[in-house]
Amino acid sequence: MTADIDTLADTVADALANDGYIILPDGPGKQISHALYQRARELSDSQWQAAGIGRHGDHLLAKEIRSDRLHWLDYEHQAEANYLTWLEQMRIALNRRLFLGLFDSESHFAVYQPGDFYRRHIDAFRGRSNRTLTIVYYLNPEWAQADGGELCLYDTIDKQSVRGQEPLIESVLPSFGKMVIFLSEKFPHEVLTTQKTRYSIATWYRINSSDHGFIDTAK
Ligand SMILES: O=C(O)CCC(=O)C(=O)O
Ligand SMILES: [Fe+2]
């Protein structure tokens, strides 16, 4: 497993340094994807919470912006623990290569029901967040173009473009096992309305912003 992580981390680090993002056909492997897909489907209604925006979640405002529901991962459940362990190995491997100072991570499942979306946003605002790297991992067998729910990534590298109208650089179908990794500050993105139930896991690697005796923990 470690050898695989190192090879993958080389590829990811190169892409992040050159382009700021990468789309991988397969993240931690089919076995982990299958276990997580099963886990997502088994979660009961009460285990999914409405998504907020911002770290403390303004739920009323959020409804205009996103309509998905979330479940945070932890080490209590085996499938979640396996993936969190993989994410930790990847975090350490990327730190060795890129010196990003990635300190910890937070991860949640998301479910989008037909009609759900997440409007264009940035996961981190310059100087105001410690979310540094975003990883989105898709758990949807048999996804077709007509099912919608694409992740659209926009480009901020072109300084000429008007804010909110940056050019589209990628439109990603949320197909099984696919993983998208990007610098959180650099890419506005959105989830187009889905026609089918859409499962994913979003992770943010964070830098440590603890100071003045305030301990900054994930979530
Ligand atoms: O599910 C996706 O494709 C992206 C989700 C997203 O942008 C987010 O949770 O911040
Ligand atoms: Fe996002």
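The values are calculated or read from the model by the stated rules, or taken from the named source; none is laboratory data. Since we're looking at a predicted model, the values are computed, not measured. Methodologically, a virtual Cβ is constructed for each residue, glycine included, from the backbone with ideal geometry; neighbour enumeration extends over all protein chains shown.
Key figures
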item	result
Conditions (1) acidic (Asp, Glu); (2) part of a loop (DSSP other than H, G, I, E, B); (3) closer than 17 Å to residue 12 by Cα; number of the one not met by residue 74	(3)
Scan of the range 68-92 for residues that are small (Gly, Ala, Ser) and surrounded by 16 or more Cβ atoms within 10 Å (Cβ to Cβ), ordered by number	79
Flag for residue 172 being within 16 Å of ligand 2 (Cβ to nearest atom) and β-branched (Val, Ile, Thr)	yes
Check on residue 95, surrounded by 15 or more Cβ atoms within 10 Å (Cβ to Cβ) and at pLDDT 95 or above	yes
Restricting the range 98-150 to residues that are within 16 Å of ligand 1 (Cβ to nearest atom), more than 14 Å from the chain's Cα centre (by Cα) and of a type in the set (A, V, I, L, M, F, W, C), the residue that is surrounded by the most Cβ atoms within 10 Å (Cβ to Cβ)	143
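Let's see how each residue does on (1) in a loop (DSSP other than H, G, I, E, B); (2) within 15 Å of ligand 2 (Cβ to nearest atom):
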| site | (1), (2) |
| --- | --- |
| 97 | no, no |
| 152 | no, yes |
| 162 | yes, no |
| 177 | yes, no |
| 190 | no, yes |
| 202 | no, yes |
